[in-house]
1. Return the loop-located trypsin sites (Lys or Arg not before Pro) in the stretch 107-170 (DSSP other than H, G, I, E, B) with at most 10 other Cβ atoms within 10 Å of their own Cβ; answer none if there are none.
2. Give me the three principal axis extents of the stretch 93-151 from the C-alpha atoms, as integers in angstrom, largest value leading.
3. Per residue Cα convex hull volume for the stretch 5-169, in cubic angstrom?
4. Quick check: the angle from helix 14-26's long axis to the longest principal axis of the chain, C-alpha only, nearest 10 degrees?
5. Go through the stretch 142-184 and name the chymotrypsin sites (Phe, Trp or Tyr not before Pro) that are in a DSSP coil and have 16 or fewer other Cβ atoms within 10 Å of their Cβ.
6. What net charge do the residues around Thr94 carry, taking every other residue with its C-beta under 12 Å from that of Thr94, with Lys and Arg at +1 and Asp and Glu at -1?
7. Would you please put 73-83, 95-105 in order of how densely packed they are, using the mean number of other Cβ atoms within 10 angstrom per residue and starting with the highest?
8. Please determine, in degrees from 0 to 90 and to the nearest 10, the orientation of helix 91-104 with respect to the longest principal axis defined by the Cα atoms of the chain, where the helix direction is its Cα long axis.
Amino acid sequence: MNTDQDSLAPFKAPMTRELLVYWQGLCRADAIPDSAEFIDRVPSRFVPHLMLFDCLADDVLVRFHGSALIARRGADQTGQSWMANNPTLSREATLVNVWTLVRQRCGLLTLAHFVTSTRRHLRVEAFSLPLAVAAGRPPRVVNISLALDTMGYDERAMGWHGPVAAAWVDAGFGVPRDAPLPLS
C-alpha cells in the first residue's frame, strides 16, 4: 500500500508520519495490521511514545503506556480507564470517535494543549490507528503521542487546556463523511 502525500500533509511531527507509513506497510490486501504482529515488530523508536487501548462499549482501557508518556504525565496508566484519567474530555465524543476509527479503519489525528506543572502550555500531537485482534477480543487502537514543545526536566503535564482539534486521516481505507466529534 502506498502512502498518499496528502495523507501525510497534516502531521507536524515526523515520527507521526513514520508510524502511519509503518502501519500501512503491515497492511495485507484489505486487512489492517494484527495487534500481535504490530507489537512484535514495532520499531523501538516508537515504543516510548505509544499507547495501546482496548475499546469497550463504555470505556477505553490503557493496555500499554510508553515511558515518554509516563514521564510526561508523571504516572503509568497501564490497566486504567482512559476516560477516568481524562475527565475533561467528552466521554461520548471519545467513544464515538474511537468506534468510528475502528469501523472505518482510518486514522484520527488530534492536536491538543496541556497545562504543565509550571503553568506553561504544551502542544501535543497524537495519532490513533486501529489494529486487528483475535476473535472474542475487544478492538484495539494504537496511539502515538508526541510533545511538539520541550518540557523542563521537572515539569509534568497536569491536564488538558482548551479545545482538542481532531481530524480523520485516510490510512488507505477511506475516511468517514462526518468530521470527528469535538473532544472537549
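1. Counting only loop positions with at most 10 other Cβ atoms within 10 Å, the trypsin sites (Lys or Arg not before Pro) in the stretch 107-170 are Arg119.
2. The Cα atoms of the stretch 93-151 stretch 46, 20, 16 Å along their principal axes.
3. Cα convex hull per residue, to the nearest whole number: 114 Å³.
4. So the helix axis and the longest Cα principal axis differ by about 30 degrees.
5. Tyr153, Phe173
6. -2
7. The packing order, highest mean first, is 95-105, 73-83.
8. So the inclination is approximately 30 degrees.
None of the figures in this text is laboratory data; all of them are computed from the coordinates on show. Keep in mind the model is a prediction, meaning the values are calculated, not measured. Note that each Cβ is placed from the backbone with ideal geometry, even for glycine, and that neighbours are counted across all protein chains shown.
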